[in-house]
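Contents: one structure, followed by commentary.
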Amino acid sequence: MAIIDCKKNSFAKAASFFAEKLGIADDVFVHIKVKKKMKGMFGYCEYLPEACDVLKTFLIVIENSKYEDPYEVLAHEMVHVWQYVRGDLADGNGHSIWKGEAYPDTKVGSEEYYFSPWELEAYGYSVGLIELYRRELCRTQKKQPS
């Protein structure tokens with residue numbers, strides 16, 4: 001399972017759960033930062049190929065927002081990590097590459113953004129990941145003595 005680094009333990013725990021469900025291998029390092037205010041987005045995932053020779057390294061930044069559940073954002077961004085690791089998503093110069101096809105970069109929040117294939121997949125998988133995570137939290141809380 002991926003190596004997760006985050007000062008907020010609950011995010012690290014959730015990210016580890018998502019990584020396990022997605023089958024992200026242990027040669028992947030994900031550093032998660034939480035920010036108070038981000039302009040125009042609730043989170044992003046960045047692949048850092050130059051960061052380490054041994055581990056595939058990613059940075060996920062999440063806004064701690066009252067408007068969007070940060071755990072849902074985390075699940076969505078972990079799907080992007082999975083897409084990069086699988087080789088389906090890559091960064092180009094002014095475009096994204098999805099399964100070998102170049103797509104021009106689009107403005108976050110635009111119609112083109114939401115209908116890009118990597119975003120459709122990330123939004124779809126994140127719904128399932130969050131539901132499984134919530135069920136796991138309920139299951140483990142019921143087992144703990146009062």
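The values are calculated or read from the model by the stated rules, or taken from the named source; none is laboratory data. Keep in mind it's a predicted model, so treat the numbers as computed, not measured. Quick reminder, even Gly has a Cβ in these numbers, built from the backbone with ideal geometry, and neighbours come from all protein chains shown. Accessible surface areas use protein heavy atoms only, side chains included; no ligands, DNA or RNA. Shrake-Rupley method; radii C 1.70, N 1.55, O 1.52, S 1.80 Å.
Worth pointing out:
- Only residues that are of a type in the set (A, V, I, L, M, F, W, C) and assigned to a helix (DSSP H, G or I) were counted across segment 1-41, and they come to 8.
- When the strands (runs of 3 or more DSSP E) confined to segment 44-146 are screened for residues that are aromatic (F, W, Y), those reaching at least 1 such residues are found at 56-63, 95-98, 101-104.
- Subset of segment 1-20 that is open to solvent by less than 30 Å² (accessible area, probe 1.4 Å) and aliphatic (A, V, I, L, M) - its residue that is modelled with the lowest pLDDT: A2
- Candidate set from segment 58-69 (those that are over 15 Å from Y44 (Cβ atoms) and of a type outside the set (K, R)); member that is modelled with the highest pLDDT: D69
- Hits in segment 16-33 - residues which are charged (D, E, K, R) and either within 17 Å of Y44 (Cα to Cα) or touching a strand residue (DSSP E or B) at 6+ places or on another chain (Cβ under 7 Å) (or both): D26, D27, K33
- Count - residues of segment 33-89 that are free of Cβ contacts under 8 Å to residues at least 40 places away in the same chain, in contact with an Asp or Glu (Cβ under 9 Å, 6 or more places away or on another chain) and farther than 28 Å from A102 by Cα: 4
- Among the residues of segment 31-76, those identified as surrounded by 14 or more Cβ atoms within 10 Å (Cβ to Cβ), within 25 Å of L120 (Cβ to Cβ) and not hydrophobic (A, V, I, L, M, F, W, C) are G43, Y44, E46, Y47, K56, E63, S65, E68, P70, Y71, E72, H76.
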